[in-house]
1. With θ set to phi - 60° and the Karplus curve 6.51 cos²θ - 1.76 cosθ + 1.60, what are the ³J(HN,Hα) couplings of the stretch 103-120 in order, to the nearest whole Hz, using x for Gly and Pro?
2. Taking all protein chains together and a probe of 1.4 Å, list ILE72, ILE107, ILE95, ILE88 from the most accessible to the least accessible.
3. What order do LEU102, LEU97 take when sorted by accessible area (1.4 Å probe), most exposed first?
4. From the backbone phi of the stretch 47-64, what are the Karplus-calculated ³J(HN,Hα) couplings (6.51 cos²θ - 1.76 cosθ + 1.60, θ = phi - 60°) in whole Hz, Gly and Pro given as x?
5. With a 1.4 Å probe and all protein chains left in place, how much of the accessible area of the stretch 32-85 comes from carbon and sulfur atoms, in whole percent?
Amino acid sequence: MVITSPTLFARARGGDRFWKRRRVVSLSAHFYGRKRNCYTIAIKYVNRALRYNTLARRLRKSDVRELWTTRISAACTELGTKYPDMKIMMDDSSIALNRNMLQNLAIWEPRSFRALALLTKSRQEVGLNSLEGPSPAGVVTRGML
């Protein structure tokens, strides 16, 4: 819309106010009492909710990482090894799996996780730092197939 006169300029500004209020009221639709119905009160609580939502996204990521570490540590404890030792040996053996993949293996594919734990445990006992050389007893590798 082209604004050619002061009258049209004044009329054009009304829509902005409507949509601004509409946005705040729609964001406060699930609040109780005057926090939902009164615009001036709703602004305060909508801003507060958005601020906490931003903070919660960061906290959720750290909570999920902590959950993954707990799951991996529990699975390692079941198999008689420690997660930090397993992570160090996996890095030395050039096995690149992040925490999300490791916890998925621990939950959904326990045999695969057990093979990883046995591999890292036997590599730690033998003291080998790479995948080259003889494979440990009881571990089936791709080269054996």
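The values are calculated or read from the model by the stated rules, or taken from the named source; none is laboratory data. Every value quoted in this text rests on a predicted model; they were computed, and no experiment measured them. Surface areas here come from the heavy atoms of the whole protein model, side chains and all, with no ligands, DNA or RNA. Shrake-Rupley method; radii C 1.70, N 1.55, O 1.52, S 1.80 Å.
1. Per residue, the Karplus-derived 3J(HN,Hα) values read 5, 5, 5, 5, 8, 9, 10, x, 5, 5, 5, 5, 5, 5, 5, 5, 4, 5 Hz.
2. Numbers: ILE72 0, ILE107 70, ILE95 30, ILE88 95 Å².
So, going from the largest accessible area down, we get ILE88, ILE107, ILE95, ILE72.
3. Values: LEU102 0, LEU97 45 Å².
Accessible-area ranking of LEU102, LEU97, largest first: LEU97, LEU102.
4. So the J values, rounded to whole Hz, are 4, 5, 5, 5, 5, 5, 5, 5, 5, 5, 4, 5, 5, 4, 4, 5, 5, 5.
5. Details: 2270 of 4180 Å².
Here carbon and sulfur together make up 54 percent of the probe-accessible area.
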